Amino acid sequence: MGVSIFTDNDVILKLARYDLLSSLVNIVKQANYEFKYLDALPYVAGLDTPKQAAKMGLNSVSLYSIRRFIEQSSPVNLSDEGVFNFIQQQGNAHLDAGELILTISASENSNSGLFTGDKRALRAIDTLVKNKILNFSSVEVLVLEEAVRMLMHCSDRKTVVSKIRSTPGVDTALDVCFCNESCVDEAIDSYINDAASSCRSLVFAYKKHCNVIK
């Protein structure tokens, strides 16, 4: 397997609610990429707990796509000791446990990716990299807006736009980007550029990934 993409639960759940998760998996697998997920994902998604699934806004189609995602992906393997040692050495990194696991795992794997929708977490990671606490030289960052742009370029654009516009309330930034269909690309570019400009020590992945896939 090629590049590992360490993926936050939040973006998985959002893409599942848009019914776009399976499409993204198909695209990245064609390019020899593999998603890595946190082992808490089945619980967070409520795969076996209907009340939890309903709380997360997931219907039967969303849950099926998450099950398929898990079947086609691999859990993140990082010991609690690794996270504990990082915290002991660096103190409060302003990242929660899941974010720490993904960040450390990505940094320890050559030629990897970190997929998250949390700009606050990215700013915290950027600070760690800028202060030379964390080595992210071989890690590319993928944010939700970049993933949606990738889907529009590498699958049926009209379908992607329709699914997002017909499912409001999932992600505030995407609600704004897709409120005017004629300005979707410009709006997404604006959000991606804003994230990149506030995290200058990180490499954002969209252009490279899209070129590889095409």
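Observations on the structure shown:
- The residues of region 118-148 that are among the aliphatic types (A, V, I, L, M) and either under 18 Å from ASP96 (Cβ atoms) or out of contact with any strand residue (DSSP E or B) (no Cβ under 8 Å at 6 or more places or on another chain) (or both), listed by number, are ALA121, LEU122, ALA124, ILE125, LEU128, VAL129, ILE133, LEU134, VAL141, VAL143, LEU144, VAL148.
- Among the residues of region 91-106, some residue qualifies, meaning at least one is at pLDDT 60 or above, surrounded by 14 or more Cβ atoms within 10 Å (Cβ to Cβ), charged (D, E, K, R) and not in a strand (DSSP E or B).
- Subset of region 88-146 (residues that are more than 16 Å from VAL3 (Cα to Cα) and of a type in the set (Gly, Ala, Ser)): GLY91, ALA93, ALA97, GLY98, GLY117, ALA121, ALA124
A quick yes/no check of all residues on (1) surrounded by fewer than 13 Cβ atoms within 10 Å (Cβ to Cβ); (2) in contact (Cβ under 8 Å) with a residue 60 or more places away in the chain; (3) not in a helix (DSSP H, G or I):
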{"site": "ASN135", "(1), (2), (3)": "yes, no, yes"}
{"site": "MET152", "(1), (2), (3)": "no, no, no"}
{"site": "VAL170", "(1), (2), (3)": "no, yes, yes"}
{"site": "ASP175", "(1), (2), (3)": "no, no, no"}
{"site": "TYR191", "(1), (2), (3)": "no, no, no"}
{"site": "SER197", "(1), (2), (3)": "yes, no, no"}
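- Single residue of region 49-77 satisfying the filter (out of contact with any Lys or Arg (no Cβ under 7 Å at 6 or more places or on another chain), at pLDDT 95 or above and in a loop (DSSP other than H, G, I, E, B)) that is surrounded by the most Cβ atoms within 10 Å (Cβ to Cβ): MET56
The values are calculated or read from the model by the stated rules, or taken from the named source; none is laboratory data. Just so you know, these numbers come straight off a predicted model, no measurement behind them. Counting neighbours? That spans all protein chains shown, and the Cβs are built from the backbone with ideal geometry, glycine included.
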